[in-house]
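Q: Once you've had a glance at the structure underneath, I'll fire off some questions.
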Ligand SMILES: [Zn+2]
């Protein structure tokens, strides 16, 4: 196993509970669950320092909640699902032909959404 990760702040040394990643392209500091691997531009922070984190001027801080359900769908899956739901919720164009087979309204990865049909078993 890897050794205990420590807060990267000078003279701190408490166990790290979160990883701060600077996304320079977006001027965003992302504070998320402790990263599995240390990467460039990533800084491990203890609880106290992650709470007191402030972004440099002109930067945003994005705090990600720890994911207690890491065995569930990945964030990519959830994002794709949210996109598909948003697309499905859009009103159909008025020119939508009513006599056609249901068409896909969204495709994200392995997720597939088709317009819902009235349920017959409820
Ligand atoms: Zn610290």
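The values are calculated or read from the model by the stated rules, or taken from the named source; none is laboratory data. Just so it is clear, the model here is predicted, and its values are computed rather than measured. For neighbour counting, all protein chains shown are included, and Cβ atoms are generated from backbone atoms with ideal geometry for every residue, glycine included.
Q: Could you say whether any residue in the stretch 61-76 is at pLDDT below 90, in a helix (DSSP H, G or I) and more than 16 Å from the ligand (Cβ to nearest atom)?
A: Checking the stretch 61-76: at least one residue is at pLDDT below 90, in a helix (DSSP H, G or I) and more than 16 Å from the ligand (Cβ to nearest atom).
Q: Assess whether residue 80 counts as being within 16 Å of the ligand (Cβ to nearest atom), in contact with a strand residue (DSSP E or B) (Cβ under 9 Å, 6 or more places away or on another chain) and modelled with pLDDT of 70 or more.
A: Details: within 16 Å of the ligand (Cβ to nearest atom): no; in contact with a strand residue (DSSP E or B) (Cβ under 9 Å, 6 or more places away or on another chain): yes; modelled with pLDDT of 70 or more: yes.
So residue 80 does not fit the description; no.
Q: Just name the residue that is farthest from the ligand (Cβ to nearest atom) out of those in the stretch 13-22 that are more than 16 Å from residue 54 (Cβ to Cβ) and touching a residue at least 12 places away in the same chain (Cβ under 8 Å).
A: 19
Q: Okay, moving on. Of everything in the stretch 40-54, what is in contact with a strand residue (DSSP E or B) (Cβ under 8 Å, 6 or more places away or on another chain) and either touching a residue at least 60 places away in the same chain (Cβ under 8 Å) or within 16 Å of the ligand (Cβ to nearest atom) (or both)? Give them in sequence order. Walk me through how you get there before you give the answer.
A: Step one: list which residues in the stretch 40-54 are in contact with a strand residue (DSSP E or B) (Cβ under 8 Å, 6 or more places away or on another chain), which gives 41-47, 50, 53-54.
Result: 42, 43, 44, 45, 46, 47, 50, 53, 54.
Q: So, in the stretch 9-26, how many residues would count as being surrounded by 13 or more Cβ atoms within 10 Å (Cβ to Cβ) and either in contact with a helix residue (DSSP H, G or I) (Cβ under 6 Å, 6 or more places away or on another chain) or not in a strand (DSSP E or B) (or both)?
A: 6
Q: Let me ask something else about it. Please find, within the stretch 27-39, the residue that is nearest to the ligand (Cβ to nearest atom) out of those that are closer than 21 Å to residue 4 by Cβ and outside any strand (DSSP E or B). Give the steps one after another, and end with the answer.
A: Kept after step one, since they are closer than 21 Å to residue 4 by Cβ, are these residues of the stretch 27-39: 31-39.
Those still in the list that are outside any strand (DSSP E or B) too: 34-39.
On the way: 34: 13, 35: 16, 36: 20, 37: 20, 38: 16, 39: 19 Å.
Looking at residues that are closer than 21 Å to residue 4 by Cβ and outside any strand (DSSP E or B), I get 34.
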